[in-house]
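**Student:** Before anything else, here's the structure in question.
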Amino acid sequence: NFEKLPFVFGVNAELTFVNFFKLLKKNLFPVEFIKGYYFFNINRWDVHLENGQIIKLPSSKVDDAIRKANIFLADEDFKKYSILDFRINDKVITQ
């Protein structure tokens with residue numbers, strides 16, 4: 001079924017998408033709820049979820065950020081935020 005495939009945006013995104021997707025799967029990120037992937041030339045990704053939330057991941061320590069994102073996404077208190085930004089080490093910025 002090709003109707004529910006997420007979009008992948010960004011210049012040269014196709015060069016790193018497969019590895020990034022494997023990283024998400026390895027860390028048990030709920031990829032079935034992803035609406036779109038946005039790649040930035042500084043080698044980082046934003047993940048847009050079907051519920052409207054945006055997860056901003058860093059360009060380094062991506063494994064750690066994905067694991068933290070999983071914890072926050074599972075917490076009911078964080079469902080009210082539209083942006084979860086993990087780009088700064090040891091901090092989460094919400095909006």
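**Student:** Based solely on its DSSP helices, what 222 nm [θ] is calculated for the chain when runs of n ≥ 4 H residues each add -39,500 (n - 2.57) and the sum is averaged over all residues, nearest 500 deg cm²/dmol? Mind dumping the intermediate values first?
**Tutor:** Working: 2 runs with 23 residues, N = 95.
Calculated from helices alone, the mean residue ellipticity at 222 nm is -7500 deg cm²/dmol.
**Student:** Can you give me the solvent accessible area of Ile88 with a 1.4 Å probe, rounded to the nearest 10 Å²?
**Tutor:** The value for Ile88 is about 80 Å².
**Student:** First compute the accessible area of the chain with a 1.4 Å probe, then give the percent of it belonging to carbon and sulfur atoms.
**Tutor:** On the way: 3590 of 6300 Å².
The value for the chain is 57 percent carbon and sulfur by accessible area.
**Student:** Do any trypsin sites (Lys or Arg not before Pro) in region 22-95 lie in a loop, going by DSSP, with at most 10 other beta-carbon atoms within 10 Å of their beta carbon, and if so which? List each step's numbers first, then the result.
**Tutor:** Details: sites: Lys22, Lys25, Lys26, Lys35, Arg44, Lys56, Lys61, Arg67, Lys68, Lys79, Lys80, Arg87, Lys91; in loops: Lys61, Lys79, Lys80, Arg87, Lys91.
Sparse-neighbourhood loop trypsin sites (Lys or Arg not before Pro): Lys80, Lys91.
**Student:** Which percent, to the nearest 5, of DSSP beta bridges fully inside the chain are antiparallel? Don't skip to the end; give the middle numbers.
**Tutor:** Values: 11 of 17 bridges.
If we restrict to bridges inside the chain, about 65 percent are antiparallel.
**Student:** Could I ask something else about it? If you count only protein heavy atoms with a 1.4 Å probe, what accessible area per residue comes out for the chain, rounded to a whole Å²? All intermediate terms of the calculation are to be shown ahead of the outcome.
**Tutor:** Working: 6300 Å² over 95 residues.
Accessible surface, normalised per residue, equals 66 Å².
**Student:** Same structure again: What dipole magnitude, in Debye to the nearest 20, does the chain give about its Cα centre under +1 on Lys/Arg Cβ and -1 on Asp/Glu Cβ? Could the numbers behind the result be given before it?
**Tutor:** Details: 14 positive and 12 negative charges, 39 e Å.
Approximately 180 debye in magnitude.
**Student:** Still on this model: Quick one: ranking Val62, Val11 by accessible area, 1.4 Å probe, largest first, what do you get?
**Tutor:** These residues rank, largest area first, as Val11, Val62.
**Student:** Could I ask something else about it? Quick check on my link table: of Lys25/Lys91; Lys56/Lys91; Lys4/Lys80; Lys35/Lys79; Lys26/Lys79, which ones sit more than 20 Å apart, alpha carbon to alpha carbon? Each step should come with its number before you reach the end.
**Tutor:** On the way: Lys25/Lys91 23 Å; Lys56/Lys91 12 Å; Lys4/Lys80 24 Å; Lys35/Lys79 16 Å; Lys26/Lys79 23 Å.
As for pairs spanning more than 20 Å Cα to Cα, those are Lys25/Lys91; Lys4/Lys80; Lys26/Lys79.
The values are calculated or read from the model by the stated rules, or taken from the named source; none is laboratory data. Treat the numbers as computed from the prediction; the structure is a model and nothing was measured. So basically every Cβ, Gly included, is an ideal-geometry build from the backbone, and we count neighbours across all protein chains shown. Heavy atoms of the whole protein, side chains included, go into the accessibility calculation; ligands, DNA and RNA do not. Shrake-Rupley method; radii C 1.70, N 1.55, O 1.52, S 1.80 Å.
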